[in-house]
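Below is one structure, written out as structure tokens; comments come after it.
The values are calculated or read from the model by the stated rules, or taken from the named source; none is laboratory data. Note that the structure is a prediction, hence the values are computed from the model and not measured. Note that we place each Cβ from the backbone using ideal geometry, even for glycine, and neighbour counts take in every protein chain shown.
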Amino acid sequence: MNVTLKNYRTLDFDVINIQEEWNKPTERENRMHCIHAYPAKFPAFITTMAIQKAEQKNIKVDTVADIFCGCGTVAFEAVRSGKNFWGCDINPVATLIAKVKSQVYNDAILEEYFDEIVSSFKTSIADKNNIIYANERVKYWFDEAQIDDLLKLRSAIYRNVKNEYYLRFFLCAFSNILKSCSRWLTKSIKPQIDPDKCPKNVIAAFSAQVKMMRIANSENKMGGLGNADIHCLNFLEAKIENPFVDLVITSPPYVTSYEYADLHQLSTLWLEYAEDFRTLRKGSIGSLYHAMNFTENVERLNNTAGNIVSQMNLIDKRKARSIAQYYIDMQCTIKKVHTMLNVGGACFFVIGNTEYKGIKIDNAKHLTECLLTEGFSEIEVDRRKISNKILTPYRDVNGKFASIKGCSRKVYSEEFVIFAKKI
């Protein structure tokens with residue numbers, strides 16, 4: 001359906017019909033999308049459909065961008081479609097995965113490096129003077145024997161893989177075994193210790209992970225690949241002065257979303273992206289770590305955001321500050337998207353609505369108002385169901401997904417697909 005400036009204020013987005021075409025893929029996702037665990041991954045098939053939709057509207061798509069690129073789902077699908085890709089994400093763990101996923105590796109070289117890493121691991125001794133032993137968070141999640149082996153493995157990777165291109169591959173493998181080799185509660189979406197867990201053997205887990213990634217890579221031999229340009233940075237701080245993109249495909253974080261810095265803290269610590277993983281929260285969309293004056297923010301909010309924030313301020317002032325900052329950040333984001341798009345280009349957003357303490361957080365309507373304010377046209381809004389394989393509608397007290405009621409809170413099972421064109 002088309003949304004116009006005349007009716008979006010009163011339109012109830014939740015009565016928009018669910019479009020089956022956005023609900024499920026026509027084929028199994030490429031194995032490369034599974035090389036590293038990542039919460040709420042973007043459905044791979046949507047990228048292909050978004051490109052097709054743009055081209056059906058006579059948009060020549062040479063360069064695709066994802067401004068919240070996460071683990072690189074859009075990057076992978078765009079590159080294998082022969083498109084050039086530009087992406088960014090504030091999370092260094094995410095951009096590591098994205099860079100690995102958007103490349104193709106020589107398997108013979110991977111095998112040679114792997115053999116050297118394992119051989120080096122078996123003959124090395126952990127350096128007990130390494131600063132990693134003094135990190136309280138590391139000691140919280142790992143026992144000393146696991147720290148010994150992980151340090152030996154990390155050292156073996158850096159010692160034997162000097163080619164940065166291949167180094168990222170093995171660091172990605174190392175990153176993905178950290179939770180299974182720790183006390184982290186398996187499949188939990190929040191940091192929580194499992195007192196009964198028996199952590200996996202480090203070198204066995206690494207060997208299995210590399211084997212899986214090599215198989216995925218071997219299935220990924222394609223000709224005519226586009227180029228991927230991926231940056232670890234906050235999109236709001238990206239220097240974008242001239243248009244260079246034909247199609248933006250992205251899924252912004254929700255107002256009440258995962259705290260990715262917390263979820264990836266093991267990789268952040270072991271890959272030395274930060275001494276304290278909490279520093280990576282700063283600058284994320286909606287973060288109170290960079291919140292401006294609340295009164296000043298409220299004055300800058302558009303109509304939809306202002307109504308939501310004023311309601312929230314009556315029952316939870318801290319959450320109201322966070323939501324106000326989120327909406328200001330999203331308004332700035334849409335302005336920059338308009339700047340980066342070539343004339344005649346388009347943007348494609350996948351976003352869901354949420355609820356907090358009985359107040360509806362209407363992200364889709366806010367995003368639509370932002371697009372209209374910036375002068376986008378031909379705006380279309382559809383609804384899609386989120387597959388039960390990806391997300392069940394409830395979470396239990398431990399944060400695990402569940403399929404029954406009576407849990408701590410409901411997770412929405414639909415989201416919106418919003419398309420808009422720059423004229």
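The figures follow:
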{"read-out": "Positions within region 123-139 being in contact with a Lys or Arg (Cβ under 9 Å, 6 or more places away or on another chain) and in contact (Cβ under 8 Å) with a residue 40 or more places away in the chain, in sequence order", "value": "132"}
{"read-out": "Residue list for region 33-62, filter: buried (at least 21 other Cβ atoms within 10 Å of the Cβ) and hydroxyl-bearing (Ser, Thr, Tyr)", "value": "38, 47"}
{"read-out": "Number of the condition not met by residue 104 [criteria: (1) more than 24 Å from residue 420 (Cα to Cα); (2) surrounded by 22 or more Cβ atoms within 10 Å (Cβ to Cβ); (3) in contact with a Leu (Cβ under 9 Å, 6 or more places away or on another chain)]", "value": "(2)"}
{"read-out": "Among the residues listed as 200, 187, 179, the single one being outside the structural domain of residue 71 (by TED's automatic domain parsing), in contact (Cβ under 8 Å) with a residue 24 or more places away in the chain and surrounded by 15 or more Cβ atoms within 10 Å (Cβ to Cβ)", "value": "179"}
{"read-out": "Condition broken by residue 94, with the remaining ones in (1) aliphatic (A, V, I, L, M); (2) under 21 Å from residue 220 (Cα atoms); (3) surrounded by fewer than 22 Cβ atoms within 10 Å (Cβ to Cβ) satisfied", "value": "(3)"}
{"read-out": "Subset tally (residues that are closer than 15 Å to residue 117 by Cα and assigned to a strand (DSSP E or B)) for region 158-203", "value": "0"}
{"read-out": "Those helices (runs of 4 or more DSSP H) lying entirely in region 45-157 with at least 3 residues at pLDDT 95 or above, of a type in the set (D, E, K, R) and assigned by TED's automatic domain parsing to the domain that holds residue 171", "value": "107-123"}
{"read-out": "Residue 249, sole failed condition from (1) at pLDDT below 65; (2) not in a helix (DSSP H, G or I)", "value": "(1)"}
{"read-out": "Residues of region 252-293 satisfying the condition of being at pLDDT 80 or above and of a type in the set (Phe, Trp, Tyr)", "value": "270, 273"}
{"read-out": "Selection count where residues are modelled with pLDDT of 95 or more and among the acidic types (Asp, Glu), scope region 197-225", "value": "0"}
